[in-house]
Amino acid sequence: MSGVIKSEPFVINIGPQHPSTHGVFRIKATVDGEKVIDAEMVMGYLHRSMEKLAEERTYTQNIPFTDRTDYLSSMSNNLGYCLAVEKLAGIEVPPRGNAIRVIMAELQRLASHCMAVGAFANDTGAWQTPVMWAFREREKILDIFEVTSGARLTCNYMRIGGVAFDLRPEFEPMVRRVLRDFPPFIDEMEGLLSGNEIFIARTKGVGVLTPEMATNASLSGPMLRGSGIAWDIRKADPYCGYEQYDFDIPIGYNGDSYDRFIVRLEEMRQSVRIIQQALDGLPGGPFRTEVPLALRPPKGEAYARIESPRGELGYYLVSDEGPSPYRFHIRPPSFINLSALKEMTVGGTVADAIVVLGSIDIVVGEIDR
Amino acid sequence: MTRELTGSEAAALAEALVPGSVDRTTETACYLKPDRLVETLRALRDDPEANLVHLTNLCGVDYWDHFEVVYHIQSFEKNHLACFKVEAWDREKPEVPSVTPVFHGAWMQECEAYDLFGIQFAGHPNLYRILLWEGYPGWPLRKDFLAMPGGLQPGLGEFAGVARRQEPPVKVIE
Amino acid sequence: MMDGFGPSLAFWVLAAITLVAAGGVMVSRNLLHAVLFLILTFVGVAGFFVLLSADFIAMAQVIIYVGAIAVLVLFAVLLTPRSSRDNSETRWAAPGILLAVCLAAIFLFVVHDTAWRTVDAAPANLSAASLGRALLSTWVVPFEIASVLLTAALVGAIMLTRSPEEEAEDALA
Amino acid sequence: MTPFLTSDRWYDIRDLGNLSSAILEALDKVLPFEVVYILAAVIGFVASFLLFVLPSQLFVGVYGERRLIGRMQSRLGPNRVGPFGLLQPIADAIKLIQKEALTPTQADRAVMYVAPILFVMPAVLLWAVIPFGEHMVIADIPVSLMYFLAVSSLPVIATFMAGWSANNKYSLFGAMRIVSMVISYESPLVLTLLGAVVLTGTISLSGMVAWADEFNIWVVFVQPLALVIYFICVSAELNRTPVDIAEAESEIVAGYLTEYSGMKWGLFYGMDIGYALAASGFITTVFLGGWTFFGLEAWIPGWLIFIAKTYLIYFLFIWTRGTLPRLRADQLMAFAWKFLLPLGVFNLLIVSTERMLWFEQDYAKGLVYVFAAVNIALSAVLVYVWARFNGYRPERTPTRPRLVKQAGGYIPVGERS
């Protein structure tokens, strides 16, 4: 249409108050009719300068901060930070602690992907039904977290050298129930969305990322795997004993929004497999290595990363032998995954931009920190 | 298991491709000369042996007398991770070359390092304060920026409250 | 059907609405307001058709003029740059008023001088079926001419709104 | 039997009309004629509002829709106010009335104020021509189908006014989308209805019900394609969710409703449901035989059958709303122009041919069943063939991603791992 009729481009703000930005995130989109011709990201509405605050607290005191970055997957964030500190200080975690960490991280991945898949379906316009179904399953996982750590969202459960508490007796039946309920739920979502003509029409070929671009733009997680790159830190650089578990890396075909969606669905299946194996082989023994309260790691630096639900979550710590980190840097996956947002949205319509943003699965707390 | 290259291994890779690019090495990291940085990283990215294609992490560190910018770059096929660093010694106006032309994913992280440390990335296409607003006084992650309200701020020589009263911190955008 | 309190009340109300709305089309500076007044005029005219027992014509008036043409005009307004606010082009006000006065004089003259015949009852066969039959038998030639005219107008509109690039493309082909 | 009751059936709600006419006649003796005349109009309007619009809107529309959607989304829905949450719509209305109706300073105030009012009026007027039962129609005009089409084209202008006047970019998007969508969807809508009109040979809704009663077959069996196309088109015109691009919540916040609040918003929301209900009633009357049910209407009141059918169709609206994602605006336009419009033309062609054949056979009663069988088969074939012709292939993409065991670099499609 724009070729025939003279039109003036104008700027439309998607966000910061918008139902589909999943938080206070803003895209300044220049549109020509419905077509996006330029997109600029504006962020920082939620900036709390955690990296600065963390430099004044001890290593253990920093764990609750990591909850508040990616508030939809606090367990994974705790885990990444604890791994970095352990790498810095050379602390070994007992096998039971590792297994509990794996179970918790995978449960968190399930919960987070529930949110991602549901919200993505909501962005394509499926009026809340998928998101409600996803929330129904997510509740069960949050209940497990509540039983284990006392909190549902910001769990603060991992500790340097292990986990905070041992598992309660209710834990195992609850997890077994989740494992029983999840595969049918994933099939249900697949039936509702993956084969739906309208859903396919909306997501297929939208926001295509070539593998070269995905690599060059430093993307990670489902974004990278959707483009066909088999890269999963759990396989490539196993931590917490992930090498003992048998699971596969799902990868997409052409890197569009649809591929990212099905990759997330399949990752949930794989997570169920991992939890099953970890729960069956849950070792006894201590769940935590005792570490001094005021931990003073030796001078040096460490970069530890995990596969969080959104991608590679890295913590870069520099120690000067003090009780608090000299430098505390988070490599936030959803922040860096946004690098390619402009390339994916420009040329599509406003509705496509929303779908692309939903397929990236951002958490604004992590972008702004 | 990802092989984390030691400083000397990374230096050997870099030196083989771009002679004279390495400044010094430590146990974990390889310090590159700032003027050879972009060239070296581009060569490392394109070389099939090094294959360092994925810039995972980029961040700045303040060591009181100088700044360091840390690059963690990894290879998918070789499954190794190398840590490169560059130093910037100018306290007032630290400057390192931007690697955005080599790694597109660096642009947001460089913006963040500029925003929080005040490190200028020469050659960056659009360096702006990505998290804080334009006109924010000082660079919050520098060590001489105190987190408590009223603390001294770098480059200003004044207290935060005073500085904010003098000029409106929020610039009205159009 | 024009006798009785109800129809006469309706007539005067409709007349007032239609005339005021028609005036509004002329005087409103805002292009969109003018269109909305135009729609109101169409609805008023449809009301007159209802009063004249011409149900079918009234409905056709609403469907075609309000439902289709007015929406098209709104679409055109949307595509017009800077149409939302003041449309203060008044260079042609004086000749316009002159023309309107002349036209009004002619109309008044005609209305006054024509010997109007009045009929007592509405025509008996004013149904949709008879209307269709009349259009396709007695009045088929004017009907077809009108449709050809409309087609020509459509083609002309398309030709007029083409951009120079498109014309260049056609010239090449 | 009281003097007001003319019918011996207890359920015949026409008797309420007798009551009001008796009151009016009594008033006529004391008051001047003009006052009574206007009073009668007011009573008629209020009674139709109270009888048809309010209960159906509030209790079936708002409450029923929310409960049903709640069931589909595996949650409870409103269940706190009153028994089973039945009073929730009233509580909502009270809340909305209390809220401040904001108007942006740069808005076109008059237009913004008038838009919700203009939106409400047609929703009530629509019910005037829909026959609830035998002789139970407020205005049995001979062109009632055209009346319905004419009146239902008015709210579009109100939504456009709402979108334009708010001076908000999202609203403008909504206005732009609704106008372009109406232009696209009005033509297939009228074309399909033309199919039903040609078949039954009448443009009176009562006539259509009478036709269905006479031939003992509903229009939907002879015109299945027309119902499908009409349902899609009317969903698009009413902004129901699978095609609600004018107020697409996830894209343009609330479209033309973005700047509305309080009861002004409430009017739009309530009347959206009202239009959907009226469209359901219209579909029932045109396609599903109205108040008839193959002779069952002799035992069950006709208006009950009518209402049951209407709610069935309305349930379809709710169902699509609860399950389907939304199409993009350009896909929606393409669907109307490339798919629905040609199918509507084909449908009209078929039904005209059949009508001609039927006329030659002197409207033999049995022939219509043959047409029904032929048309059902033909519709399925037509949809399939036209879809193939348009380049549509059933989605063969694997819905599962590839699985690899080992981390590594890029794996091109087709390469096994």
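No lab work stands behind these numbers, since they all come straight from the coordinates. Computed from a predicted structure; not experimentally measured. Note that we place each Cβ from the backbone using ideal geometry, even for glycine, and neighbour counts take in every protein chain shown.
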Exercise. In the structure shown, do any of A:Lys87/D:Lys405; D:Lys264/D:Lys338; A:Lys140/D:Lys99; D:Lys309/D:Lys365; A:Lys87/B:Lys33; A:Lys28/A:Lys87 have a Cα-Cα gap over 30 Å, and if so which?
Worked result: D:Lys264/D:Lys338; A:Lys140/D:Lys99; A:Lys28/A:Lys87
For this session: Would you work out the relative contact order for segment A:45-368, in percent, from Cα pairs under 8 angstrom that are 6 or more residues apart?
Result: 29 percent
Exercise. Any idea what the dipole of the protein assembly as shown comes to, in debye rounded to 20, about its Cα centre with Lys/Arg Cβ at +1 and Asp/Glu Cβ at -1?
Worked result: 1280 debye
For this session: Can you put C:Leu36, A:Leu142 in order of Cβ neighbours within 10 angstrom, beginning with the fewest?
Result: A:Leu142, C:Leu36
Problem set entry | Tensor-based shape of segment B:1-145 (alpha-carbon gyration tensor, a/c under 1.5 rounded, otherwise prolate or oblate) | prolate
Exercise. Of D:Ala246, D:Ala107, D:Ala210, which is the most mobile in a GNM of chain D whose springs link Cα atoms less than 10 angstrom apart?
Worked result: D:Ala107
Exercise. Assuming R0 = 56 Å, what is the FRET efficiency of D:Leu304 and D:Ala101, from their Cβ-Cβ distance, to the nearest 0.05?
Worked result: 0.90
Problem set entry | Reference-scaled alpha-carbon Rg (2.2 N^0.38 Å with N residues) for segment D:330-417 | 1.92
Exercise. Each label point is 7 Å from the Cα along the Cα-to-Cβ direction; what then is the distance between the points at A:Asp320 and D:Val46, in nm?
Worked result: 8.2 nm
Exercise. Taking the alpha carbon gyration tensor of the protein assembly as shown, what are the square roots of 5 times its eigenvalues, largest first, to the nearest whole Å?
Worked result: 66, 34, 29
Exercise. For segment B:3-130, with only Lys/Arg (+1) and Asp/Glu (-1) charged at the beta-carbon, what is the dipole magnitude about the Cα centre, in debye rounded to 20?
Worked result: 180 debye
Exercise. Per the Kirkwood definition applied to all pairs of different Cα atoms, how many angstroms is the hydrodynamic radius of chain D?
Worked result: 23.9 Å
For this session: Among D:Ile252, D:Val190, D:Val286, pick out the residue whose Cα is farthest towards the positive end of the charge dipole of segment D:150-298, where Lys and Arg carry +1 and Asp and Glu carry -1 on C-beta, about the Cα centre.
Result: D:Ile252
Problem set entry | Relative exposure of D:Lys29, B:Lys78, judged by other C-beta atoms within 10 Å (fewest first) | D:Lys29, B:Lys78
Seminar exercise, completed: To the nearest 20 debye, chain D has a Cα-centred charge dipole, built from +1 on Lys and Arg Cβ and -1 on Asp and Glu Cβ, of 2040 debye
For this session: Apply 1/(1 + (r/R0)^6) to the Cβ-Cβ distance of A:Leu282 and A:Val11, taking R0 = 56 Å, and write down the FRET efficiency to the nearest 0.05.
Result: 0.50
Problem set entry | Neighbouring partner chain Cβ atoms per residue of A:328-339, average, 10 Å criterion | 4
For this session: Could you point to the residue in A:Asn337, A:Ala151, A:Met132 farthest towards the positive end of segment A:45-368's charge dipole, with +1 and -1 charges on the Cβ of Lys/Arg and Asp/Glu respectively?
Result: A:Ala151
Seminar exercise, completed: By the Cα gyration tensor axes a ≥ b ≥ c (a/c under 1.5 gives rounded; else a/b larger than b/c gives prolate, otherwise oblate), the shape of segment D:85-167 is oblate
For this session: Amide H neighbours of A:Ile251 under 5 Å, at least 5 residues apart or on other chains, H built in the peptide plane: list them.
Result: D:Arg402, D:Leu403, D:Val404
For this session: Write down the percent of antiparallel bridges among all DSSP beta bridges whose residues are both part of the protein assembly as shown, to the nearest 5.
Result: 90 percent
Exercise. Between C:Val20 and D:Ser261, what is the FRET efficiency for a Förster distance of 25 Å, r being their Cβ-Cβ separation, to the nearest 0.05?
Worked result: 0.20
For this session: Report the one residue of D:Phe221, D:Trp358, D:Leu199 whose Cα lies farthest in the direction of the positive end of the charge dipole of the protein assembly as shown (charges on C-beta: Lys and Arg +1, Asp and Glu -1; origin at the Cα centre).
Result: D:Phe221
Exercise. Under a plain spin-label model, where a point goes 7 Å from the Cα along Cα-to-Cβ, how far apart in nm are B:Asp46 and C:Arg29?
Worked result: 6.3 nm
For this session: Sort segment A:49-151 into rounded, prolate or oblate with this rule: let a ≥ b ≥ c be the square roots of the eigenvalues of the Cα gyration tensor; rounded if a/c is under 1.5, and if a/c is not under 1.5, prolate when a/b is larger than b/c, oblate otherwise.
Result: prolate
Problem set entry | chain D: calculated mean residue ellipticity at 222 nm from DSSP helix runs of at least 4, using -39500 (n - 2.57) | -20000 deg cm²/dmol
Problem set entry | Estimated inter-spin distance, C:Leu9 and B:Glu39, nm [label 7 Å along Cα→Cβ] | 9.5 nm
Problem set entry | Order of D:Thr310, B:Thr6 - criterion: other Cβ atoms within 10 Å of each residue's Cβ, fewest first | B:Thr6, D:Thr310
